[in-house]
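In what follows, a single structure is set out as C-alpha cells and then discussed.
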Amino acid sequence: MGLWSRLNQFYPVWLEAVIVALLVASFSFPLANYGDMPARIPTHFDVSGLPDAWSDKTPSAVLLGSLIAAVSYGGLTLLSWWVAVVDDPKKVINASKQRLAAMSKERAEQIRRVTLTFLFAIKFLLVAMLAYLSYAQTEVALGARESLGWPFTALAALLLVVCGFLTWRVLALVYGPERSGCGRAPVPRPPRRS
C-alpha cells in the first residue's frame, strides 16, 4: 500500500492542498505588500493582539511567521509519514516493554489512527494560525488594522484544545484498559454450572 493510500485511511489527503495554499498565501501576501510597508514593522504582539515590539523591515522579520509555518508543516508531515508507514505501530508508541507486549494489535492501530488524525488537525490549525498571523501582521504594518483581532486568539485556543485532547486520548488508549466491541468494557461471564 502506498503512502497516500495509507494516509487516506486516517484523513482526506486532498486536504493537504488546503494547507499548502495557506502556506503559499502566508508568503505571498507579505511579499506583495513589502514595498508599501514602513521602515519599522510590528514583530511581536501582546495577549490582546496589539503590537508591543517593532523591528526594522527585513525579509526575515516580514516572513518569520511564514517560515515557522513552513518548517512546522514539513516536520509534522514527515512525522505523519513515518507513523503511517511503520509496519508495527507499537514501534512508535512510548510505553514500557511490558505494556507494549500486552497491547493488542487492534489497540496499537487505534492509537496510530488517533495520532495521525490529530497530527493532521494540529498541522492544519498551526499553519492556519501562522498564515493568519502573517496576514494580520502585514495589515498592522500597513496601518489597515490596529491588532491581530479575534481570529488569531480563536485559532490559538483551538490549537491548544486539540493538543490537550490528543494527549488525553492517546494516554487513555496507552494506559487505559483494553476494551472490546463498541467501546464497552467486556462483561465477565459467570462460570458454567455442570
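The values are calculated or read from the model by the stated rules, or taken from the named source; none is laboratory data. From a predicted model like this one, the values you see are computed outputs, not experimental measurements. Cβ coordinates were reconstructed from backbone atoms using ideal geometry, including for glycine residues, and neighbour counts include every protein chain displayed. Note: accessible area is taken over every heavy atom of the protein model, side chains too, but ligands, DNA and RNA are not part of it. Shrake-Rupley method; radii C 1.70, N 1.55, O 1.52, S 1.80 Å.
Structure data summary
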{"read-out": "Residue tally, condition among the small types (Gly, Ala, Ser) and surrounded by fewer than 17 Cβ atoms within 10 Å (Cβ to Cβ), over region 39-51", "value": "2"}
{"read-out": "Subset of region 138-165 [touching a Leu at 6+ places or on another chain (Cβ under 8 Å) and either open to solvent by less than 70 Å² (accessible area, probe 1.4 Å) or small (Gly, Ala, Ser) (or both)]", "value": "140, 147, 148, 152, 155, 159, 162"}
{"read-out": "Subset of region 57-73 [open to solvent by less than 30 Å² (accessible area, probe 1.4 Å) and under 12 Å from residue 27 (Cβ atoms)]", "value": "62, 63, 65, 66, 69"}
{"read-out": "Filter result for the condition that a residue is closer than 14 Å to residue 135 by Cβ and touching a helix residue (DSSP H, G or I) at 6+ places or on another chain (Cβ under 8 Å), over 23, 7, 3", "value": "23"}
{"read-out": "Which numbered condition residue 54 misses (of (1) buried (at least 17 other Cβ atoms within 10 Å of the Cβ); (2) over 16 Å from the mean Cα position of the chain (by Cα); (3) aromatic (Phe, Trp, Tyr); (4) not in a helix (DSSP H, G or I))", "value": "(1)"}
{"read-out": "Region 113-144: number of residues that are free of Cβ contacts under 8 Å to residues at least 60 places away in the same chain and more than 30 Å from residue 44 (Cα to Cα)", "value": "2"}
